[in-house]
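**Student:** Mind having a look at this structure? Questions to follow.
The values are calculated or read from the model by the stated rules, or taken from the named source; none is laboratory data. The model shown is predicted, which means the values in this text are computed figures rather than measured ones. We place every Cβ from the backbone using ideal geometry, glycine too, and count neighbours over all the protein chains shown.
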Amino acid sequence: MGAANLEPEVQQAVEATAALLEEMGHTLIEIPTPYDLNEYYKGFAGRSKFSADSLEHEVRALGRPIDSSTLEPLSLKLYEFGRTAQSASLGDKFEAWRITRFRVGEAIDPFDILLTPTMRVVAPPNDSIYCAPQARPSP
């Protein structure tokens, strides 16, 4: 099912939903992943590089740092990834992203609805390491 390895709980949720939809009379058709993972990752790197560059431009204008005091942990990791993303020109990376989007669009066009997990892992709790610490009110 797809290009990502799903955690068992996520896989079970998708399968249970598919079974329920079939019981309700819907026809389900499983399709292969409509894009090449290497092209997807190249496009992801291009978007990350563009986002990192844009963020650096904005924080310079605001006079703020880019660190754990201004970004949540996941956003900081994505920024760091974007700063180091290389291997092809930005234009090539955006072309890879365009091709991926086009192929997905072609593959899903005949369908009314998609059944797909939004994440490959169970969502972490709100107070996990992926969230910024809650601000404490001043006394």
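**Student:** Tell me the helices (runs of 4 or more DSSP H) entirely within the stretch 1-116 that contain at least 1 residues that are touching a helix residue (DSSP H, G or I) at 6+ places or on another chain (Cβ under 7 Å) and more than 24 Å from residue 128 (Cα to Cα).
**Tutor:** Working: elements: 8-23, 37-62, 73-84, 90-108.
Where helices (runs of 4 or more DSSP H) fall fully within the stretch 1-116 and carry at least 1 residues being touching a helix residue (DSSP H, G or I) at 6+ places or on another chain (Cβ under 7 Å) and more than 24 Å from residue 128 (Cα to Cα), they are 37-62, 73-84, 90-108.
**Student:** So residue 65 fits all but one of (1) at pLDDT 85 or above; (2) closer than 25 Å to residue 110 by Cβ; (3) loosely packed, with under 13 Cβ neighbours inside 10 Å; what number is the exception?
**Tutor:** The single condition residue 65 does not satisfy is (2).
**Student:** If I filter the stretch 78-113 down to residues being acidic (Asp, Glu) and more than 29 Å from residue 27 (Cβ to Cβ), which single residue comes out as farthest from the chain's Cα centre (by Cα)? Walk me through it before giving the result.
**Tutor:** Applying the first criterion (acidic (Asp, Glu)) to the stretch 78-113 yields 80, 92, 95, 106, 109, 112.
In the following step, the residues that additionally are more than 29 Å from residue 27 (Cβ to Cβ) were identified as 80, 92, 95.
Details: 80: 16, 92: 20, 95: 18 Å.
Step by step, filter the stretch 78-113, then rank; the result is 92.
**Student:** Quick one: how many residues across the stretch 19-37 are surrounded by 11 or more Cβ atoms within 10 Å (Cβ to Cβ) and among the acidic types (Asp, Glu)?
**Tutor:** Residues in the stretch 19-37 being surrounded by 11 or more Cβ atoms within 10 Å (Cβ to Cβ) and among the acidic types (Asp, Glu): 2 in total.
**Student:** Considering each of 85, 4, 16, 52 in turn, give the residue that is exposed (fewer than 11 other Cβ atoms within 10 Å of the Cβ) and of a type in the set (A, V, I, L, M). Please lay out each step first, then the result.
**Tutor:** Values: 85 fails: exposed (fewer than 11 other Cβ atoms within 10 Å of the Cβ); 4 fails: exposed (fewer than 11 other Cβ atoms within 10 Å of the Cβ); 52 fails: exposed (fewer than 11 other Cβ atoms within 10 Å of the Cβ).
Within the list 85, 4, 16, 52, the selection yields 16.
**Student:** So residue 79 passes all but one of these: (1) at pLDDT below 85; (2) of a type in the set (Ser, Thr, Tyr); (3) under 26 Å from residue 127 (Cβ atoms). Which condition number does it fail?
**Tutor:** (1)
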